[in-house]
1. Show me 298-309, 355-366, 205-216 ranked by packing, highest mean number of other Cβ atoms within 10 Å first.
2. Please report the relative contact order for the chain, taking Cα pairs under 8 Å with a sequence separation of at least 6, and give it as a percent rounded to a whole number.
3. Among GLY73, GLY50, GLY198, whose mean-square fluctuation peaks in a Gaussian network model of the chain (Cα, cutoff 10 Å)?
4. Does a label point 7 Å from the Cα of ASP90, set along Cα-to-beta-carbon, have any residues of the range 65-82 with amide nitrogen under 18 Å, and which are they?
5. Order the peptides 17-28, 37-48 from the highest to the lowest mean number of other Cβ atoms within 10 Å of their residues.
6. Under 10 Å, Cα contacts only: if you run a Gaussian network model on the chain, which one of THR396, THR147, THR80 comes out with the highest mean-square fluctuation?
7. For the range 244-343, what is the convex hull (Cα atoms) projected area averaged across all directions, in square nanometres?
8. Given SER240, GLY172, ASN97, which one lies farthest toward the positive end of the charge dipole of the chain, if we put +1 on the Cβ of every Lys and Arg and -1 on the Cβ of every Asp and Glu?
Amino acid sequence: MNRVVITGLGIYSCIGQNLDEVRDSLHAGRSGIGLDQERKEFGYRSGLTGMVPRPELKGRLDRRARINLPVQGEYAYVATAEAMQTAGIDAGYFVDNEVGIIFGNDSSVLPVIEAIDIIRAKKDTTLLGSGSIFQTMNSTVTMNLATIFPLKGINLTLSAACASGSHSIGMGYLLIKSGLQDMILCGGAQEINKYCMGNFDALSAFSIREDAPAEATRPFDRGRDGLVPSGGAATVILESLESAQRRGARIYGEVVGYGFSSNGAHISNPTVDGPVRALAKSLADAGLQATDIDYINAHATSTPVGDVSEARAIAQVFGEHRTPVSSTKSMTGHECWMAGASEIVYSMLMMEHGFVAPNINFETPDEDSARLNIISKAKDTKIDTFLSNSFGFGGTNSSLIIKKWKQL
């Protein structure tokens, strides 16, 4: 079985448009949440959202490639370009080597709505343009990136709600571990617009703390009143150790554990048992004990029910070990389909630079979060091994364990 290492990282999010900006925001506990007045006027109960600017790709990509990309695809392109740079590869590498792509993505709403609006208004489908079909499909990110970069390996979009990005890395890990691929671009992408989150808003799932956007997302805090939607894209380049060493690549870390499960219960209400099984499976896969984990990046989205179930699951598996825990969603909001991938990038930056990012806005614990060692202020400390949780609608659970790379 191959060892699987991380050789490239890229990020485009509401707390920074590159790795350096994101690292600084994480250490400073800087929020990327704002109030979108357009959503309020559109009929949203909550106008809170992560604020992610649209990248300027003119001059970087030709027009043919640009018209095929929805906005989340643009985010993914920028994140992937940065990941390639950190990995020391360019598009020429893809010509000579079989490289795959697996991205988490579970919607592409904006281009669908825009296409329907044109058809309704003009009664003529030919006015949609040739790029519309490629923007509307859930597989839009992988189909576009696989052609922009001439990728010849696995080409797959993974759709698993808010665990999509995490499962994409887990699946990439399994394929490389089994010897079926040497390198896979893994990640997650999430659109941000007034159309894509209306259904969530209808469930009263969002925080309405609009008078203080930066304080709205407060995972594990007793006063939390809902999540804040966000988005962007993150890319993690996975590679077999043999391949990475053969080309002299810088190795950031090693994926050592992947645990997954399904709750087999309610479609939206979380359980404790499902996450516990995913956590236990990831530790078993890694051959580690709970005491070996230096940091947990929790899924915790700032919902009243979800944070409780995760706190209980972490407490059940990690007991009294006082493992440091924080949720970077306190700064970024819930990045949905990209969250499982972006939170690997965030945690990798913490591991590389020696700190635990704070769970900001954590002021008053509840009965369950009081049992955890939640880090509310940035803490400079060594991280050798971290675990990242991602859970989603339908009861899908994913836990990933990454170790710092140490040359033997």
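1. Listed from highest to lowest mean packing, they are 298-309, 355-366, 205-216.
2. Contact order relative to length: 24 percent.
3. Greatest mean-square fluctuation among the candidates belongs to GLY198.
4. Inside the label zone: 78, 80-82.
5. Sorting 17-28, 37-48 by mean packing, highest first, produces 17-28, 37-48.
6. THR147
7. Details: hull surface 31.7 nm².
With the hull built on Cα positions only, its mean projection is 7.9 nm².
8. Farthest along the dipole direction, towards plus: ASN97.
No lab work stands behind these numbers, since they all come straight from the coordinates. Values in this document were obtained by computation on a predicted structure and should not be read as measured data. Quick reminder, even Gly has a Cβ in these numbers, built from the backbone with ideal geometry, and neighbours come from all protein chains shown.
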